[in-house]
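Data block below; observations after.
Rule-based calculations on the coordinates, nothing more; no lab input. This is a predicted model, so every value here is computed, not measured. Methodologically, a virtual Cβ is constructed for each residue, glycine included, from the backbone with ideal geometry; neighbour enumeration extends over all protein chains shown.
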Amino acid sequence: MNEQKWLVAAAGEWPDSAIWQPLVEAAERIIAVDGGVAELASNKVEAAVVIGDLDSADSVAIASHPMARIIEVSEQGNSDLVKALNWCDENGASAVDVIGVAGGRTDHVLGTFAAMLEVPTNLEVKLHFGDCTATLLKPVAIIDAQKGQQVSIFALGGDIEDLNLRGFEYEVESERISFSTRGLHNRATVDNPEISFSENSPGRLLVMIFY
């Protein structure tokens, strides 16, 4: 199957157009998460799918997407973002960019990171904020950071074992980290530095790359 890269738009703060516009242009399908349908409409971007419990989706905004498929998922066991990401995975997406998850209530922001742990591990999800991108890494990864860029890492959902950082100001060799401030404020000393860790780690490794 060819790689399918989609864009998911939620109702929070969008990054600058210099960030989201290329994502829109590159996306093979655009998914609105509930109230995100209004943000898409206001930016004159048409959604292919609108999904969620639709409690925040304005009917006028939905009407601005006449070709969109409307998918109401009323169950409350998962957030609307998780519903959208699971739907993307089930319908052929292999990688998803996400915008509109900044700002708003603090629990919603934290819930965005929790959502990354709740979707299938084969789906590559990248969050785009106003100051950085955030994604979960595979056990061996070349980081899309250039020399001088700030990079932070966090262990989510459990410890990360046998962690190695190469090409950073603060390098690490075969260490174990938990959810802590241990990975804050590192910096790439080369283009495309490397991060690796044990595939048997209980947790997932989140990397944040700042613009």
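Key figures
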{"item": "Three semi-axes of the equivalent ellipsoid, the chain, Cα gyration tensor, whole Å, largest first", "result": "32, 18, 15"}
{"item": "From phi via Karplus (6.51, -1.76, 1.60), per-residue ³J(HN,Hα) for segment 125-138 in Hz, x at Gly/Pro", "result": "10, 10, 8, 10, 9, x, 10, 6, 10, 9, 8, 8, 8, 7"}
{"item": "Whole-Hz ³J(HN,Hα) from phi, Karplus 6.51 cos²θ - 1.76 cosθ + 1.60, for segment 171-181, glycine and proline x", "result": "8, 10, 10, 6, 9, 10, 10, 10, 5, 6, 8"}
{"item": "Under-5 Å amide H pairs with VAL8, H placed in peptide plane, nonlocal only", "result": "ILE31, ASP97, VAL98, ILE99"}
{"item": "For the chain, with +1 on Lys and Arg beta carbons and -1 on Asp and Glu, the positive-most of ALA93, LEU137, ALA11 along the dipole", "result": "LEU137"}
{"item": "For segment 24-168, size of Cβ-based charge dipole, Lys and Arg +1, Asp and Glu -1, in debye", "result": "460 debye"}
{"item": "Residues LYS126, LYS83 arranged by fewest to most Cβ contacts within 10 Å", "result": "LYS126, LYS83"}
{"item": "Three-way shape label, segment 5-130, alpha-carbon gyration tensor, a/c 1.5", "result": "rounded"}
{"item": "Residue of ASP16, ASP80, ASP89 that the Gaussian network model of the chain assigns the largest fluctuation, springs spanning Cα pairs under 10 Å", "result": "ASP16"}
{"item": "Separation of alpha-carbon centers, segment 18-52 and segment 168-211, rounded to whole Å", "result": "31 Å"}
{"item": "Whole-Hz ³J(HN,Hα) from phi, Karplus 6.51 cos²θ - 1.76 cosθ + 1.60, for segment 77-92, glycine and proline x", "result": "x, 10, 6, 4, 5, 4, 4, 5, 5, 4, 5, 4, 4, 5, 10, x"}
{"item": "Extended-chain gain in nm, criterion 0.36 nm per residue less alpha-carbon gap, SER94 and GLU175", "result": "26.1 nm"}
{"item": "Beta bridge orientation in the chain: antiparallel %, DSSP, nearest 5", "result": "60 percent"}
{"item": "Long-range tail of P(r) for segment 140-210 (Cα pairs > 21 Å, %)", "result": "15 percent"}
{"item": "Least to most buried among PHE154, PHE113 (fewest other Cβ within 10 Å first)", "result": "PHE113, PHE154"}
{"item": "Whole-number D in µm²/s for segment 90-151 (Stokes-Einstein; Kirkwood sum over Cα pairs; 4 °C, 1.567 mPa s)", "result": "98 µm²/s"}
